[in-house]
Each structure stands twice: as structure tokens, then as C-alpha cells.
Amino acid sequence: MINPDSVGRTFAGADSVSVSQSDIDTFCSVISETNTTVAPPTFSIRISLSQYESILTQPEIGVDWTRLVHGDQKFEIFRPIVAGDVFKCSATIETLRVAAGNEIVSVRSDLHNGSELVVSSWSTLVVRA
Amino acid sequence: MIEVGTVLDEHIFYLDRAMLRAYADASGDHNPIHHDEEFAISVGLPNVIAHGMLTMALVGKYVTDWAGGPATVKEYSARFVKPVIVPADQKVDLTVSAIVSEIDGDHISLTLSATSAGVKVLGMARAVVIK
């Protein structure tokens, strides 16, 4: 069970995440994007999901990552991500509810390069019963 | 002339297991439901399924191709209503279309439709671009 006391709390990601041109090129090649000057709009999920995994699976929160399904996703992009960005990623647990035994957690991720907010995203993650 | 109600040309992407492996590497999401058929079936799925975020990345490519490149997107959201099922040695379709749903200054909202094998895979899919 997810700890209900975690709702409303913001957790800072442990590490800074650097974006390289190679990271962008690799992502672009999968979707046949030839303009690699900026990252594609969904690129930031690569950073957010790994940060969610390390934050949400901590024992004090208790998400079972092996039973996780992605329910929905939203991005708000203040400027495109470029090579050389170094992000601090936070995760805020906004809501938690249980439906048919599944735990449904909605998490917000803010990616800051220094003091600049570059991308906010919202993910609904379903931990299946 | 772009106006509310303008319908964008449909585009069909094709997904296969190689693309899923490439996306797993590019995204860092190595969940076995995206490459291991036996595992996928053991957890109640019909077969290997594509990452929802790969579907969203491809639909995003459709949006940015129309809008004029990957820097044009301000907002993008979708619900993963059904998986894209990717059997071995097959290419499956992801058929994407869109309609202009709102224009506010230089911001254009698109309502997006995405199906695979005739089944709707994204719900409430919407993007806001500057074009």
C-alpha cells in the first residue's frame, strides 16, 4: 500500500540529470525525427520516470514498481530541452485513490535547469492489485 | 487557412519489436512487457505491448511535423486507454489524425486521434502548438 501521508509532499530527486546530444539523437532516431537541435516534446519522460522510480519506491512511500501501469500523461513545456541542460527533478504526489483494489497515484514532476522551470509534467500511475 | 474544424491529413506509423527495443534503450524503460512475450502473457496481456510513451512520442512526431518542428509544442496530453499490441515478426499500425479544436492568438489546439488495428489507443489526446 502507498503511504497516504505522502500525498501533498514534494520529493527532490537525488541526482542532477545531464542531457547530452547523444541522448537526444537516440530518442529522435526511434521516431525518425531528423531535427535534433532540440529534444522532442515527450523526451523529458526519460528523466521523470527514472526519478519517479527512485523516489516512489522508497519504503516510506511504498510504490510497487513491478505492478505499475501508466494511465495518462500531460506535459507543459516552457521551452524545448536542449543538449547541455542539467536538470533537478522533483516529484510531488498530488492525489492518491483506490479503485477496484488498484492504487491510482497522480504525480507531478518539475524539471529545473538552475532556477529555470523548463518542463512540468503530470503522470497518473496505476499500481495494479 | 487554418481554422477551428480544420482536419489534418492522416498519417500511419508502423511499430515492430525492433522499434520497441530501440525505444526501451532511448527512454530507459526496460519493463519486460515491452519485449518478453512469455512475461507479457503471464501478467494477463494478450502479447507484447508498446510503451504508452512510445505511442505518445510517435503522435508527438505527427504534431511537430505539422506544426513546424519539435520546438513548437507547449502542451501535450493523453490517456492510455488500450495498448498497442506488437506480435513478433509483424508491423502493426498506429494511425493518427487530428482536428483543430481551438485557436487563441498564435496558440493552436489539436484534438488527436490514434488507433491501432482499428482500436482507439489514446483518449483525451490534445496538443497545443505555436505555428
Fill in: Residue under evaluation B:Glu75, criteria (1) over 19 Å from A:Trp122 (Cα atoms); (2) facing another protein chain (nearest Cβ under 8 Å); (3) in contact with a strand residue (DSSP E or B) (Cβ under 6 Å, 6 or more places away or on another chain); (4) open to solvent by 50 Å² or more (accessible area, probe 1.4 Å), criterion not met
(1)
Item to complete: Return only the number of the condition from (1) over 28 Å from B:Thr111 (Cα atoms); (2) in a helix (DSSP H, G or I); (3) of a type in the set (D, E, K, R) that A:Arg46 does not satisfy.
Response: (1)
Worksheet entry | Qualifying positions in region A:89-101 - touching a residue at least 24 places away in the same chain (Cβ under 8 Å), open to solvent by 10 Å² or more (accessible area, probe 1.4 Å) and part of a strand (DSSP E or B) | A:Ser90, A:Thr92, A:Glu94, A:Thr95, A:Leu96
Discussion item. On the basis of being more than 27 Å from A:Val19 (Cβ to Cβ) and either surrounded by 14 or more Cβ atoms within 10 Å (Cβ to Cβ) or touching a strand residue (DSSP E or B) at 6+ places or on another chain (Cβ under 7 Å) (or both), does B:Gly44 make the cut?
Written reply: no
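To keep it simple, each residue is scored yes or no on (1) out of contact with any strand residue (DSSP E or B) (no Cβ under 9 Å at 6 or more places or on another chain); (2) of a type in the set (Lys, Arg); (3) in contact (Cβ under 8 Å) with a residue 12 or more places away in the chain; (4) farther than 22 Å from B:Ala57 by Cα.
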position: A:Lys74; (1), (2), (3), (4): no, yes, yes, no
position: A:Phe87; (1), (2), (3), (4): no, no, yes, no
position: A:Glu103; (1), (2), (3), (4): no, no, yes, yes
position: A:Asn113; (1), (2), (3), (4): no, no, yes, yes
position: A:Ser123; (1), (2), (3), (4): no, no, yes, no
Practice prompt. Please determine, by comparing only the residues of region B:1-39 that are in contact (Cβ under 8 Å) with a residue 40 or more places away in the chain and touching a His at 6+ places or on another chain (Cβ under 9 Å), which one is nearest to A:His70 (Cα to Cα).
Written response: B:Leu20
Worksheet item: touching a Lys or Arg at 6+ places or on another chain (Cβ under 8 Å) and polar (S, T, N, Q) - does that describe any residue in region A:79-96?
Response: yes
Discussion item. Restricting to region B:86-104, give me the number of residues that are over 14 Å from B:Val119 (Cβ atoms), outside any loop (DSSP other than H, G, I, E, B) and among the hydrophobic types (A, V, I, L, M, F, W, C).
Written reply: 4
Worksheet item: Given the structure, is B:Ala24 small (Gly, Ala, Ser), open to solvent by 30 Å² or more (accessible area, probe 1.4 Å) and in a helix (DSSP H, G or I)?
Response: no
Practice prompt. Please verify whether region A:13-32 includes one or more residues that are more than 15 Å from B:Gly28 (Cα to Cα), at pLDDT 85 or above and under 16 Å from the mean Cα position of the chain (by Cα).
Written response: yes
Discussion item. Condition check: in a loop (DSSP other than H, G, I, E, B) and at the interface with chain B (Cβ under 8 Å from one of its Cβ atoms). Does A:Val38 satisfy that?
Written reply: yes
Worksheet item: In region B:7-37, how many are acidic (Asp, Glu) and under 15 Å from B:Ile85 (Cβ atoms)?
Response: 3
Fill in: Selection within region B:54-72 - hydrophobic (A, V, I, L, M, F, W, C), within 9 Å of another protein chain (Cβ to nearest Cβ) and open to solvent by 10 Å² or more (accessible area, probe 1.4 Å)
B:Ala71
Practice prompt. Search region B:89-108 for residues that are open to solvent by 30 Å² or more (accessible area, probe 1.4 Å) and pair each with any residue that is among the aromatic types (Phe, Trp, Tyr) when their beta-carbon atoms are under 9 Å apart and the residues are at least 6 apart or on different chains.
Written response: B:Lys91/B:Tyr14; B:Asp93/B:Phe13; B:Asp93/B:Tyr14; B:Ser97/B:Tyr62
Worksheet entry | Criterion: under 23 Å from A:Leu49 (Cβ atoms) and more than 9 Å from chain A (Cβ to nearest Cβ) - qualifying residue of B:Ile49, B:Ile103, B:Ile99, B:Ile41 | B:Ile49
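The values are calculated or read from the model by the stated rules, or taken from the named source; none is laboratory data. The structure presented is a predicted model; accordingly, all values stated were derived computationally and were not measured. Here the Cβ is made from the backbone with ideal geometry for all residues, glycine too, and neighbour counts use every protein chain on show. To get the accessible areas, we keep the full protein, side chains included, count just its heavy atoms, and leave off ligands, DNA and RNA. Shrake-Rupley method; radii C 1.70, N 1.55, O 1.52, S 1.80 Å.
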